[in-house]
Amino acid sequence: MQLDFFPSRTLTLYLAKLFFARIVAMLAVLVMVLMMLDLLSNSGKILAADGNGQAELWTYVTLRVPQLIARFLPYSVLLATIISLVALNQNSEVIAMKAAGLSAHQVLAPLLLTAALVSIASFAFNERVVTRASATLDAWDAADFGPIPKDSGVKANVYLADGTNILTANTITGSGTAMTMAGVTWYRRNADDILIEQIRADRATFASPGWAMTKATRFDVETADTDTLGRAVVGQGITPAQIELQTINPDGQSFWKLSQSISDYEAAGRQTSELRGKWWHKLAGPLSAFLMPLLGAVAAFGLARSGQLFVRAIIGMALGFAYFVVDNAALAMGNFGGYPPFLAAWAPFFLFLLIGETVLVRTEE
């Protein structure tokens, strides 16, 4: 028995089914509760848009739920691990398995296999569903929950620099010379980076060069005067090609599309550290579900009657949540250039893999 990593087929299926059922249950509970809280905070903004009603609320739910599933699936695996192992321990099933000659790693093997399959499914779900939902929801939010843009290439919350001047747009649709901006604001600054003029317009089109703002309103900062302009051309140093490179949303692009975007950035001589960190994290993020059974394994062992089972469950939960804290901190440091992209994405995973193995070997093996 010690030479086989997995226990018997019957025991493996029993533990895998038990674990998977609890993952689904915990994920459903977390998503339902968080979705209700999210609706409470955002339903007012959604219904404030003209013509929005119950149908738009359901649309928001369908776009938001995939994001919640992707974000909280590892948490669900962690909680399911602790609940499953505590129940097995209390019913003396862990003692029976160890008495039959199984090691701690063999007891955890079915859970690790299930978690690995969940990680693969999570990656596929992120690629096929979450990226599209994120891109659509970002564009809808930028349009103040008005009509959802039909263009699949909608870019939201765009920030562009032309020397010391700044051009912002709520959304950008189209590509090339047919590109159109909505909710446009032009900030003109002097050589000392002091704002001297602001021009707003509902729409702007490419004027080759520059961007033509129609029915624009100008605000002079020095005199505090506001006047209406029929047409204003701004941002003559900004081209559609620069915008297509500038407005990459890593969360709204798949793994392979983001790879191409990074290549385009590098060809244009742009910095790609932040994008590469997000690219690596598209692999490390789903794989964190595989790590959770190992971090929560401390709850499986020890005598239930010793009074330490609750403490062990708390330790397992603390290890799991510490991983998420370190993972977010490392990714943030990578975005600021403090860590190399690969290290920012993968260092927390390998660090807690070693911690989990050390705790398991020192206490049970």
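At an R0 of 45 angstrom, the distance between the Cβ atoms of Phe321 and Thr177 translates into a FRET efficiency of 0.35.
Kindly state, to the nearest 0.05, the FRET efficiency for Ala329 paired with Thr358, given R0 = 22 Å and r defined as their beta-carbon distance. So, using R0 = 22 Å, E works out to roughly 0.55.
Length available on full extension from Ala241 to Ser259: 0.36 nm per residue minus the Cα-Cα distance, which gives 4.7 nm.
Between Arg231 and Ser43, the distance separating the two model label sites (each 7 Å from Cα on the Cα→Cβ line) works out to 4.7 nm. Report the residue, chosen from Pro147, Pro74, Pro341, that carries the largest GNM mean-square fluctuation when the chain is represented by alpha-carbon nodes joined by springs under 10 Å. Looking only at Pro147, Pro74, Pro341, the largest GNM fluctuation is found for Pro147.
Here is what passes the span test in the chain: the DSSP H helices with alpha carbon length of 30 Å or more along the helix axis and a Kyte-Doolittle mean of 0.0 or above are 9-48, 54-90, 104-125, 273-295, 309-335, 341-364.
Helix-only estimate, please: 222 nm mean residue ellipticity of the chain, summing -39500 (n - 2.57) across DSSP H runs of length 4 or more and dividing by its residues, to the nearest 500.
Value at 222 nm, helices only: -20000 deg cm²/dmol.
Which of Gly252, Gly296, Gly53 ends up with the largest GNM mean-square fluctuation for the chain, with Cα atoms connected below 10 Å? It is Gly53. Counting every C-alpha pair in the chain, the share spaced more than 40 angstrom apart comes to 31%. Under the simplified labelling scheme, the Phe5-Thr214 pair shows an inter-label distance of 6.3 nm, with each label point 7 Å from Cα along Cα→Cβ. List, in the order given, every pair from Lys17/Lys98; Lys17/Lys257; Lys17/Lys45 whose Cα-Cα distance in the structure shown is over 30 Å. From Lys17/Lys98; Lys17/Lys257; Lys17/Lys45, over 30 Å: Lys17/Lys257; Lys17/Lys45. Computed about the Cα centre, the dipole magnitude for the chain is approximately 1040 debye when only Lys and Arg (+1) and Asp and Glu (-1) carry charge, each at its Cβ. Stretching Ala124 away from Ala224 to a fully extended chain increases their span by 30.6 nm, per 0.36 nm per residue minus the current alpha-carbon distance. Tell me whether region 137-230 comes out rounded, prolate or oblate; compute the Cα gyration tensor, take square roots of the eigenvalues as a ≥ b ≥ c, and use a/c under 1.5 as the rounded threshold. Since a/c reaches 1.5 and a/b is larger than b/c, the shape of region 137-230 is classed as prolate.
Grab the beta carbon distance between Leu34 and Ile196, set R0 = 41 Å, and tell me the FRET efficiency rounded to 0.05.
Taking R0 as 41 Å, the efficiency between Leu34 and Ile196 is 0.35.
Taking Cβ atoms as reference points and 13 Å as the exclusive limit, the residues near Asn42 contribute a net charge of -2, counting Lys and Arg as +1 and Asp and Glu as -1.
Placing unit charges on C-beta atoms (Lys and Arg positive, Asp and Glu negative, everything else neutral), compute the dipole magnitude of region 155-247 about its Cα centre in debye, rounded to 20.
Details: 8 positive and 10 negative charges, 82 e Å.
I would put it at about 400 debye.
Every read-out reported here was derived from the displayed coordinates using simple, explicitly stated rules and does not represent laboratory data. Since this is a predicted model, take the numbers as computed values, not measurements. Positions of Cβ are backbone-derived with ideal geometry, glycine not excepted, and every protein chain shown enters the neighbour counts.
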